[in-house]
1. Dipole magnitude of the chain about its Cα centre, charges +1 at Lys/Arg Cβ and -1 at Asp/Glu Cβ only, in debye to the nearest 20?
2. If exposed means no more than 12 neighbouring beta carbons inside 10 Å and the site is in a DSSP loop, what's the longest run of the chain without any exposed GluC sites (Glu not before Pro)?
3. Over the Cα atoms of the stretch 98-158, what is the Rg over Rh ratio if Rh follows Kirkwood?
4. Can you give the Rg and Dmax of the stretch 55-205 based on its C-alpha atoms, in angstrom?
5. Count the lysine pairs in the chain that are 8 or more places apart or on different chains: how many have C-alpha atoms under 15 angstrom apart?
6. Could you work out [θ]222 nm for the chain from helices alone, using -39500 (n - 2.57) per DSSP H run of at least four and dividing by all its residues? Round to the nearest 500 deg cm²/dmol.
7. I need two numbers for the chain: Rg to one decimal and Dmax as a whole number, Cα atoms only, in Å.
8. Rg to Rh for the stretch 127-243: what is it, with Cα atoms only and Rh by Kirkwood?
Amino acid sequence: MPSDLSQDPNVRLLTQWIDESERITVLTGAGISTDSGIPDFRGPNGVWTKNPKAEKASNIQNFISDPEVRKASWRDRLDNRAWSADPNDGHRALVQLEKRNKLVALLTQNVDGLHHAAGSSATKVVEVHGTIREVACLECDYRDDMQIALDRVRQGEEDLDCPECGGILKSATISFGQSLVQKDLLKAEAAAQNCDLMIAIGTTLAVYPIAAVVPSAQRVGAKIAIINAEPTEMDHIADLVIRESISEVLPIAVGGASNLPEEDNNGDAETPK
């Protein structure tokens, strides 16, 4: 039996737009990873909702100035859900979109690495907020695999320093108060200006500067589609807003209109022959 969402007029319209589009830019946020068991930040079960100290650690000044914040951050890293999470059907659908040769870029606010794990090309993914999969020194150019740093924590170290210069180590994510990577921002803006369809997925579009890619795409005439469980800051400029499960909507929409059930004259869907 086809999913009920395959009969949803908004999902069918998005499917049509994807079929018709030649250059699609996608922006993803925490909402695409919740079906993989990774909680968002500010939702009812969000990381920061349940643990305000974790939000404090996300501010770079607090992280640098307070050793206790750093120690708590490293302890929390040990049990991060990203280590056991697998990509879901939403992540895999975006891989399929790339295989259809329609994807300009996959911009993500997520640091969990699940787009890479699903099979999206490194040349297409722009991790504008960094990655939890690596560790970086705040003083020099040292970077390494996060698991190497976590092994040090498991062996009893509480506040990790750089093995090369002795500086403070942190995950290679962009914390509040840190500058984003200019190269990534330029890639994101170029992708926004070179698309005919922008799809924002699982993000409230409240975090700048990356949220600015949506109005940027609109200014060059791209259609704007938003898939998110809750209202976003840019619903008012969207051409289409879908409030359904991301991991259910995306496989249907990316699969193409030829895979949708047909509708009879009564509006009931019939499975394609």
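1. Approximately 520 debye in magnitude.
2. Between the exposed loop sites, the longest stretch runs 23-163.
3. 1.10
4. Final numbers for Rg and Dmax: 16.8, 52 Å.
5. Lysine pairs satisfying the spacing and distance rule in the chain number 9.
6. Only helices count here, giving -9500 deg cm²/dmol.
7. Gyration radius and largest Cα-Cα distance of the chain: 20.1, 72 Å.
8. 1.12
Each value in this text was obtained by applying a stated rule to the coordinates, not by laboratory testing. Source: prediction; values computed, not measured. Neighbour counts run over all protein chains shown; Cβ positions are idealised from the backbone, glycine included.
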